[in-house]
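Here the structure is laid out as structure tokens; the discussion comes afterwards.
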Amino acid sequence: MRNDERFEIQRAFDLLPHVVGASWATVWFRMTGAKSPSREEYRKKTLEFLKMVEPVFDSYPDTGEFVEICKYVESRRDAEYERIITGDNKEIEKRYDRYVDYG
């Protein structure tokens, strides 16, 4: 698969974890009054909200011309989930720091 064929999916996975996952997690912690969740709690909640958009990840048919992009989406999704849980997604970590510092 060429780079230009997966460009838009790459951009989506660059943004979705913090724009959807961390944003919704932050609001959840604010609304529940949890001012100092642990990093692990924040990561898990972020992942929980990000997983809610999984139907979008599975929206292409796994046949014909879509087979390669489906495999790419699956591998990128799994890699992003792992990055969130291990603390390797710097945007998520930045959002956590900002939340506990400024609430």
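Look at the range 35-87 and say how many of its residues are modelled with pLDDT under 95 and closer than 17 Å to Ala22 by Cβ.
1
Would you be able to tell me the number of residues in the range 50-66 that are within 11 Å of the chain's Cα centre (by Cα) and open to solvent by less than 30 Å² (accessible area, probe 1.4 Å)?
Number satisfying all stated conditions: 1.
State yes or no: is Arg83 in contact (Cβ under 8 Å) with a residue 40 or more places away in the chain, open to solvent by 40 Å² or more (accessible area, probe 1.4 Å) and of a type outside the set (Ser, Thr, Tyr)?
Numbers: in contact (Cβ under 8 Å) with a residue 40 or more places away in the chain: yes; open to solvent by 40 Å² or more (accessible area, probe 1.4 Å): yes; of a type outside the set (Ser, Thr, Tyr): yes.
Judged against the criteria, Arg83 is a match.
Kindly check whether there is at least one residue in the range 88-100 that is in a helix (DSSP H, G or I), closer than 24 Å to Asn3 by Cα and at pLDDT 95 or above.
Step one: list which residues in the range 88-100 are in a helix (DSSP H, G or I), which gives 90-100.
So of that shortlist, the ones also closer than 24 Å to Asn3 by Cα come out as 90-91.
Filter once more, keeping what is at pLDDT 95 or above: 90-91.
Scanning the range 88-100 turns up at least one residue that is in a helix (DSSP H, G or I), closer than 24 Å to Asn3 by Cα and at pLDDT 95 or above.
Take the residues in the range 87-103 that are within 17 Å of the chain's Cα centre (by Cα), under 16 Å from Trp24 (Cα atoms) and basic (Lys, Arg), then tell me which one is most open to solvent (accessible area, probe 1.4 Å).
So, considering only residues that are within 17 Å of the chain's Cα centre (by Cα), under 16 Å from Trp24 (Cα atoms) and basic (Lys, Arg), the one most open to solvent (accessible area, probe 1.4 Å) is Lys94.
Of the residues Arg11, Arg6, Arg43, which single one is open to solvent by less than 80 Å² (accessible area, probe 1.4 Å), more than 17 Å from Glu93 (Cα to Cα), of a type outside the set (Gly, Ala, Ser) and not in a loop (DSSP other than H, G, I, E, B)?
Arg6
Take Ser59 and tell me if it is of a type in the set (Gly, Ala, Ser), outside any helix (DSSP H, G or I) and in contact (Cβ under 8 Å) with a residue 24 or more places away in the chain. Steps first, answer last, please.
Values: of a type in the set (Gly, Ala, Ser): yes; outside any helix (DSSP H, G or I): yes; in contact (Cβ under 8 Å) with a residue 24 or more places away in the chain: no.
The answer is no for Ser59.
State yes or no: is Val73 within 22 Å of Arg2 (Cβ to Cβ) and out of contact with any His (no Cβ under 7 Å at 6 or more places or on another chain)? Spell out the reasoning first.
Details: within 22 Å of Arg2 (Cβ to Cβ): yes; out of contact with any His (no Cβ under 7 Å at 6 or more places or on another chain): yes.
Answer is yes for this residue.
Give the residue that is least open to solvent (accessible area, probe 1.4 Å), with candidates limited to residues of the range 67-80 that are farther than 11 Å from Phe13 by Cα and aliphatic (A, V, I, L, M).
Result: Ile69.
The values are calculated or read from the model by the stated rules, or taken from the named source; none is laboratory data. What you are looking at is a predicted structure, and each value in this text was computed from that prediction instead of being measured. Cβ: placed from backbone, ideal geometry, glycine included. Neighbour counts: every protein chain shown. SASA here: full protein model, heavy atoms, side chains in, ligands and nucleic acids out. Shrake-Rupley method; radii C 1.70, N 1.55, O 1.52, S 1.80 Å.
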